[in-house]
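Only one structure is covered here, and it is reproduced in the block below.
The values are calculated or read from the model by the stated rules, or taken from the named source; none is laboratory data. The structure presented is a predicted model; accordingly, all values stated were derived computationally and were not measured. With ideal geometry, Cβ positions are generated from the backbone for all residues, glycine too; neighbour counts draw on all protein chains shown.
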Amino acid sequence: MGGSQRTREGSEGGAAVQPGCAALHRALAECHRRSPAGLQREVVCRHLNRSLAECVVSAACPEECEAVRSMCSSAGTAAKRRQCQQAKVSLSLCLSSHQ
């Protein structure tokens, strides 16, 4: 499963953020401060929210995340679809272990 389990305190409400993701976390917090609450904020900050989520998941479970990227990148054969599904299960289990 690998991956660093080190986190540091984030700038919003003491949320733990992976060290390599701190800049994205700050950018998302700034986007939230600048945008009015509601749908507009969701739309305006969506790209940062997604990037931060991908960063945190990749930092927490790098091998599993890479397996999902490689196995699920195209439809492929039935065997590849099974491998994709297994990679997703492995990633889910890894993320669960960090909660």
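Exactly one residue out of GLU54, GLU64 is touching a residue at least 40 places away in the same chain (Cβ under 8 Å) and under 13 Å from the mean Cα position of the chain (by Cα), and it is GLU64.
When the residues of the range 64-82 are filtered to those that are surrounded by 15 or more Cβ atoms within 10 Å (Cβ to Cβ) and either assigned by TED's automatic domain parsing to the domain that holds PRO19 or at pLDDT 95 or above (or both), the one that is farthest from HIS32 (Cα to Cα) is ALA67.
In the range 50-63, which residue that is among the hydrophobic types (A, V, I, L, M, F, W, C) and out of contact with any helix residue (DSSP H, G or I) (no Cβ under 6 Å at 6 or more places or on another chain) is surrounded by the fewest Cβ atoms within 10 Å (Cβ to Cβ)?
Narrowing the range 50-63 to residues among the hydrophobic types (A, V, I, L, M, F, W, C): 52-53, 55-57, 59-61.
Restricting the remaining residues to those that are out of contact with any helix residue (DSSP H, G or I) (no Cβ under 6 Å at 6 or more places or on another chain) gives 53, 60.
Details: ALA53: 13, ALA60: 22.
Among residues in the range 50-63 that are among the hydrophobic types (A, V, I, L, M, F, W, C) and out of contact with any helix residue (DSSP H, G or I) (no Cβ under 6 Å at 6 or more places or on another chain), the one surrounded by the fewest Cβ atoms within 10 Å (Cβ to Cβ) is ALA53.
If only one of SER73, SER35 is more than 23 Å from GLN99 (Cα to Cα), of a type in the set (S, T, N, Q) and out of contact with any helix residue (DSSP H, G or I) (no Cβ under 7 Å at 6 or more places or on another chain), which one is it? Within the list SER73, SER35, the selection yields SER73.
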